[in-house]
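First comes the structure, then the notes that go with it.
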Amino acid sequence: MSEYVKFSCERVAAGISSFGGLAELNVFRRKLLDLRLIGAYPNGIGFGNLSVRDGATKNFYVTGSATGGMHELTLADCAKVVAYDFETNRVRYEGTAIPSSESLTHAAIYESDATAGAVIHCHCSGFWAALLNQAPTTSEAAEYGTPEIAYEIMKLLTHTDARTRKIIVMAGHEGGIVTFGKDLAEGFAVLMREREKICR
Ligand SMILES: [Zn+2]
């Protein structure tokens, strides 16, 4: 078993290039907040994070650490990831916000699926429990924010129907669900469709 490699990040610039998708990001964050799929726990710790790919590059804008419960994000609450390394669990970024410690989970999807333009990571215990092993699922040993989970996601995208179903369940991260699509609208639609199947 490999040792736990802690997430770290390095700011390359405090300025962040303009993010055209910010208004749309806020639209989908509000829907997710209303459904309590992102938010903050009673102890104030935020959960859930979203990202949007920057054009055809491997760079992406990701919501900042601990912003899960915030109602409206500004550019200062987002970071732009401009480089990442799975093995060392490190990212380089632009902006004043610290990128989510789950940024490599997002990177794993952009890295493996060139058609993915946006990623939603939410938490919901009931939904998660019902989806476990019913949708492509990472192993229980892979904890959130680790290189292992990024490798597991890349493996699922290569060897299962995760690429077409566009949903991954994180067995080692209670409540953790990831969906993606060409944009946030598609990632959100996948989430709603899977949720309906279970709640029906
Ligand atoms: Zn999470």
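Rule-based calculations on the coordinates, nothing more; no lab input. These numbers were taken from a predicted model, which means no experiment stands behind them. Positions of Cβ are backbone-derived with ideal geometry, glycine not excepted, and every protein chain shown enters the neighbour counts.
Please find the FRET efficiency linking Thr88 to Gln134, where r is the Cβ-Cβ separation and R0 is fixed at 35 Å, and quote it to the nearest 0.05.
0.55
Compute the Rg to Rh ratio over the range 1-108 from the alpha carbon atoms, using the Kirkwood formula for Rh, and round to two decimal places.
0.97
Write down, largest first, the equivalent ellipsoid semi-axes of the chain in whole Å, where each equals the square root of 5 times an eigenvalue of the alpha-carbon gyration tensor.
In descending order, the three semi-axes are 23, 20, 16 Å.
I need the phi-derived Karplus couplings for the range 179-194: 6.51 cos²θ - 1.76 cosθ + 1.60, θ = phi - 60°, integer Hz, Gly and Pro marked x.
Karplus-based 3J(HN,Hα) across the range 179-194 equals 10, 8, x, 5, 8, 5, 4, 5, x, 5, 4, 4, 4, 5, 5, 5 Hz.
Picking from His71, His173, His121, which is most flexible by a Gaussian network model of the chain using Cα springs under 10 Å?
It is His71.
Kindly put Cys9, Cys78 in sequence by how many other C-beta atoms sit within 10 Å of each C-beta, fewest to most.
Cys9, Cys78
Most exposed first by the Cβ proxy, i.e. fewest other Cβ within 10 Å, how do Thr164, Thr67, Thr57 rank?
Thr164, Thr57, Thr67
What list of ³J(HN,Hα) values in whole Hz, one per residue of the range 64-77 in order, does the Karplus curve 6.51 cos²θ - 1.76 cosθ + 1.60 (θ = phi - 60°) give from phi, with Gly and Pro shown as x?
x, 4, 6, 9, x, x, 6, 6, 9, 9, 9, 4, 5, 9
Which lysines, on any chain, are close to Lys182 with Cα under 27 Å apart, when same-chain ones fewer than 8 places away are left out?
Those lysines meeting the cut-off are Lys31, Lys58, Lys80, Lys155, Lys166, Lys197.
Calculate for the chain the 222 nm mean residue ellipticity that helices alone would give, adding -39,500 (n - 2.57) per DSSP H run of length 4 or more and normalising by residue count, nearest 500 deg cm²/dmol.
Taken over the chain, the calculation gives -9500 deg cm²/dmol.
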